[in-house]
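Read through the structure below, which is laid out as structure tokens, and then see the notes.
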Amino acid sequence: MMMSTNWRFPRAARPLVFTALLVPGSVLGSSQLQAQAQESCPRPGTLIQDLVGPFAHVRYLADDALEGRETGTRGERCAGEYIAGVFQDLGLTGAGPDGSFFHSFQVQMGSVLGEGNNLTVEGEVLALNSAWVPFGFSTAAAVDGSLVYGGPGVSRPGSEDDVYAHLDLNGKVVVVEGADPHGAMNTMAGDPHFKASVAAGRGAAAILVLLSEGEDLPDPTAEQRPAVRIPAIAIFGAAADKVREAAKGEETVSLTAAVEPRMVEARNVAALIPGEHPTLAREVVIVGAHYDHLGFGGDGSLDPDAAEVHNGADDNASGTAALMEVARLLQQPGNRPARSVLFLAFTGEEKGLWGSAHYVNEPLLPLENTVAMLNMDMVGRLRENTLTVYGTGTAEEWPDLLADLNENQQDPFVLASIPDGFGPSDHSSFYGASIPVLMLFTNTHSDYHRPDDDFELINREGMERVSAYAAEIIGAVAGSGETEALAMTLVEGAGSPHGGGMPTDSAAPSSPGPGYGAYMGTIPDMTPQETGVRITGVREESPAEKGGLKGGDVIVEFGGREITDLYAYTYALRDHKPGDEVVVVVLRDGERISLSVVLGSR
Ligand SMILES: [Zn+2]
């Protein structure tokens, strides 16, 4: 499940052998790549041993050896090989353009420095990599012109230090301080990508960002954010003072930024069970789950300083395992579907739904023949028998179908339904293409987007039950066995596209306007509440824990502001600074309790 990225410099992605091999025009054909992958990938048997069922798949995908399966890395490639192998063994056919099990596309994973990088200030040539380096989001271009000093490089209308608002940047090379003027961490006011976009928007020819002592040097190869329209350069060490003075003196500068996008191959895995019905077989039901995760952390990690394997057992090895289990169940005699069923294991979900967006843009089967899409994301930590279902409002038939099938379960779930067709995962891409969708989810937990999301914590029995329930939903829509294929009636407008991204309690900058990075440490419960935000727990040593909040509390007021839902909570938090003391009112066992919390910083 995706989370809005925060504005930290991205940690160095781990360019691995494979990356080089994937550059377009490389000499190795796909079979050789496959052979190499198989060679360097852990053999399933060694990890799975005698495990069976969906948990066996989790055991393989979430092993350290898969290195957190970040898109474009060896770990992701091995995971893709494994999933394709399982589908092949189950007798599904490859649905890829060439009959293979892969639906490939190119993604930019950072940039590499080209030839000819140069920076000369007041006639002095500054040394690349020891005094400066282009950001990975820089445009490749040469500029000659004069410098202008822009101070913090952000304008805060009405605040005393708003020199920037009145500066003419047109055609100039603007020099700005990298850090947040208030010393806050992870804010937009401390983000060079944001400052470069603003400078470009104000007609600057280029931007030089002065990094303060101890600030991370940018790693172009790890840059994931889109390129800005001007050269953007980081200056550090003693050179920063020199350039600051030169800018205040409006001295001359000549620069060449040579950066090239680093393209790598990313792959969705695609497998088909052809429908048996003479006409309905032309129609298709899609089942999906993303198999990529966060690799060694960095962007998206809730433990950004831990450069460790983020195993992603629940997120989303569990959904991928359930996907393969649904295929196995539908391949059982008597279960063959009338409509065709397409199984898609997406990559790039954590990067921003890249794989599902690619599918919708370049579908393998006509979208107009696609009657519904079922997504599974984080189905491995069933608690209190509660299963959350997103998208129940996207087709008229969903509520009754889900209730009927649930009733027939040996141990019916407590279903928590969210009508919204848009949400923090791949089903959003399909609802955006006017296809009825569902997403199954067993809720967040304290290991979400951390290295500790490990296979030992998976609720095996819960995952098997969710897989069986999913197979029945697909069976009902595709018409398998005796069941008639269900006519689906799309309902538009169930939720807004802007609902994407999982709101977090760290003032995610996904919400417009600068945040201050204030932090609480609560774990929000994503199931709908009448009002307020229910929390499933608090993080150890966090401001929320110190303030006395507990799992089960429902936050109804924050700093004097009424809290109706997660977004109200995120926005309220965003307007507070680390160190602020706020009164938080919670409902606990029906009683309103006021607690005082001193906010931390992420
Ligand atoms: Zn995720």
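Tabulated data for the structure shown
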read-out: In degrees, nearest ten, helix 238-248 long axis to first principal axis of the chain (Cα); value: 70
read-out: Principal-axis tilt of helix 319-330 within the chain, Cα atoms, nearest 10 degrees; value: 20
read-out: Kirkwood Rh (inverse of mean 1/r, distinct Cα pairs), segment 115-257, angstrom; value: 14.8
read-out: In Å², nearest 10: area of TYR571 left accessible to a 1.4 Å probe; value: 90
read-out: Share of carbon and sulfur in the accessible heavy-atom surface of the chain [1.4 Å probe, %]; value: 51
read-out: Gain on full stretching of the segment that runs from THR489 to ARG561 - 0.36 nm per residue minus C-alpha separation; value: 21.9 nm
read-out: Square roots of five times the Cα gyration tensor eigenvalues for segment 38-156, Å; value: 49, 17, 14
read-out: Isotropic mean projected area of the C-alpha convex hull, the chain (nm²); value: 27.9
read-out: C-alpha long axis of helix 30-40 to longest principal axis of the chain, angle in °; value: 90
read-out: For GLU251, solvent-accessible area (1.4 Å; no DNA, RNA or ligand), Å²; value: 70
read-out: Helix-only mean residue ellipticity at 222 nm for the chain, each DSSP H run of n ≥ 4 adding -39500 (n - 2.57), per residue, nearest 500; value: -6500 deg cm²/dmol
read-out: Where only alpha carbons of segment 518-601 are counted, the Rg and the Dmax (Å); value: 11.2, 31
read-out: Exposure of LYS550 as accessible area (Å², to 10), given a probe of 1.4 Å and all protein chains; value: 110
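The values are calculated or read from the model by the stated rules, or taken from the named source; none is laboratory data. Everything numeric in this text was worked out from a predicted model, so none of it was measured. Surface areas here come from the heavy atoms of the whole protein model, side chains and all, with no ligands, DNA or RNA. Shrake-Rupley method; radii C 1.70, N 1.55, O 1.52, S 1.80 Å.
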